[in-house]
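Presented below is the structure to which this report refers.
No lab work stands behind these numbers, since they all come straight from the coordinates. All of these numbers come straight from a predicted model, not from anything done at the bench. Counting neighbours? That spans all protein chains shown, and the Cβs are built from the backbone with ideal geometry, glycine included.
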Amino acid sequence: MNRNRNRRSNRDGDNEFVENLVRLNRVAKVVKGGRRFSFSALTVVGDGKGRVGYGFGKANDVSESIRKGMEKARNSMISVPVKKTTIPHEVVGRFKSAKVVLKPAAPGTGIIAGGPVRAVMEAAGVTDILSKSLGSDNALNIVKAVFAGFDELLDAGAVAKARGKVLKEMWG
């Protein structure tokens, strides 16, 4: 379904965002005159440097639903701690029945992940990661599980400060 829907946009001045359309869904409402179709779009937006967000837009037009999703994704961006090209440690994100295991990988490994997880990682700027999606295959729940996993990631600077050490002491 992803047929290379990645787009680079330069609408917001200097900031260049990686925009991924994860899922586009046509839904029908049955009314007296027949069926009325509308569209929902799940999108992911990131700067490729550790900031990423997702959005879910719904509208009667495809392009309008994608635009709404991109706008919501830009407004909901969070910061992800990235250590070189991967995440600092292994984490498991859970949302409803979706479970996503994210493991750091050696440089050169690439993004070993399924569609929704891959879209989030590309937008976040993580280039080396191992992942496994368990449970639900609903794209929205998988994306939310990845973001739940991101919330559990510990920032190296914050951990060092809590331990009363300098970052250089911890990494060596």
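Here are the numbers for this structure:
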read-out: Cβ-based net charge around residue 152, under 11 Å, with every Lys or Arg adding one and every Asp or Glu removing one; value: -1
read-out: 0 to 90° range, to nearest 10: angle between helix 115-124 axis and the chain longest Cα axis; value: 60
read-out: Angle in degrees between helix 62-75 and the longest Cα principal axis of the chain, rounded to the nearest 10; value: 30
read-out: Tilt relative to the chain, helix 139-152 - C-alpha long axis, 0 to 90 degrees, to 10; value: 20
read-out: Spin-label pair residue 152/residue 167, simplified geometry with 7 Å Cα→Cβ offset, distance in nm; value: 2.5
read-out: Sorted by Cβ neighbour density within 10 Å, fewest at the top, the residues 32, 72, 165; value: 32, 165, 72
